[in-house]
1. Residue under question is residue 44, and the condition is that it be at pLDDT 85 or above, within 14 Å of the chain's Cα centre (by Cα) and either surrounded by fewer than 23 Cβ atoms within 10 Å (Cβ to Cβ) or assigned to a helix (DSSP H, G or I) (or both); does it hold?
2. Quick test of your reading of the structure: residue 32 fulfils all but one of (1) assigned to a helix (DSSP H, G or I); (2) modelled with pLDDT of 95 or more. Name the failing condition by number.
3. What pairs can you find where one residue is in segment 218-239 and surrounded by 10 or more Cβ atoms within 10 Å (Cβ to Cβ), the other is modelled with pLDDT under 85 and in a loop (DSSP other than H, G, I, E, B), and their Cβ atoms are less than 9 Å apart, with a gap of 6+ or different chains?
4. Cβ-Cβ under 8 Å, sequence separation 6+ or interchain: first residue in segment 116-132 and at negative phi and free of Cβ contacts under 8 Å to residues at least 24 places away in the same chain, partner part of a loop (DSSP other than H, G, I, E, B) and buried (at least 22 other Cβ atoms within 10 Å of the Cβ). Which pairs?
5. Which of (1) at pLDDT 95 or above; (2) in contact with a helix residue (DSSP H, G or I) (Cβ under 8 Å, 6 or more places away or on another chain); (3) within 25 Å of residue 238 (Cβ to Cβ) does residue 138 not meet, given it meets every other one?
6. Please report, ordered by residue number, the helices (runs of 4 or more DSSP H) entirely within segment 134-208 with at least 3 residues that are in contact (Cβ under 8 Å) with a residue 24 or more places away in the chain, farther than 11 Å from residue 38 by Cα and within 15 Å of the chain's Cα centre (by Cα).
C-alpha cells in the first residue's frame, strides 16, 4: 500500500513531470511470477524511473546505510527508499554477495520483479561494461526469466557527481524474456555463469546501443580516479562473449504530438 501511495500519489507524478518517460517493450514483462529485470546502469535515478513504466512493483537492493540514518533526514530517507521498493542489504561484509543473492531469490520465489544491475555499479563513462556473474547465478537458481532493460538518457540527466537530475525525456526499453532453463543445475559451473552473463549483456547492448568495453565498471572507475586513460575497444569492436559488435543505435524517443495552437 505504501509503495502504491509513493508511486501514484507522491513521487510518481513529480518524476513523470520531470522526465516524461517513454517506453518500448513493456509487454515483454510477464504479468505475474518472478522475473529478473537486468538493466544497464547510468545514474542513481535509474531505480526511480524504471518502475514508472511498469504496473508491477519493482524491487532493487540498496545500501543498508540508507535505512539507518538518524534524525528527521534519516527517517525521511529510509521511508522514501522503502516506499520505492528498495530492500536494504549490508554490502560491507565478506558475505555481501551471498546476502544479495538470497534476497533476490526470496523476491523471485514470492513472485516479484527483481531489478539488478549486472555491471555492479554505475558506468563511469557511459559505455556498457563487463557483467558480473551474480545475475546468471540468480537466474539459474531461481529459474526465473531474465528481461533485459536499457535505460536511455539517465546518464545525461544525472551524470556522476550531480545530485539533482536535469529535467528531460528519459526512455526505458525492455527486451524479450531470456530463458536459461537449459542450464538448470549448472549454477556452480563458472564457464556457464560467464556464458549466461555475456548473453544477458549482449541483449542489453542491442537494446541500449551502447559501446561495450570488456572490463568491469568498478575497474574502469578506479583507473579514471587514478588518472589513467580509460580502456579503448580493440580494432573491430567486440560485444560480450567476444562476438562482433552488432550494428545498433541508441534508441530515440517517439515524436510528441503537436499541441494545438491557442489563438
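The values are calculated or read from the model by the stated rules, or taken from the named source; none is laboratory data. Because the structure is a prediction, the values reported are computed rather than measured. Cβ placement follows ideal geometry from the backbone for every residue including glycine, while neighbour counts extend to all protein chains displayed.
1. Values: at pLDDT 85 or above: yes; within 14 Å of the chain's Cα centre (by Cα): yes; either surrounded by fewer than 23 Cβ atoms within 10 Å (Cβ to Cβ) or assigned to a helix (DSSP H, G or I) (or both): yes.
In short, yes.
2. (1)
3. Final answer for the pair search is 219/231; 220/230; 220/231; 222/228; 223/229; 223/230; 223/231; 224/230.
4. none
5. Single failed check for residue 138: (3).
6. On the way: elements: 134-142, 154-157, 190-208.
Counting at least 3 such residues, we get 190-208.
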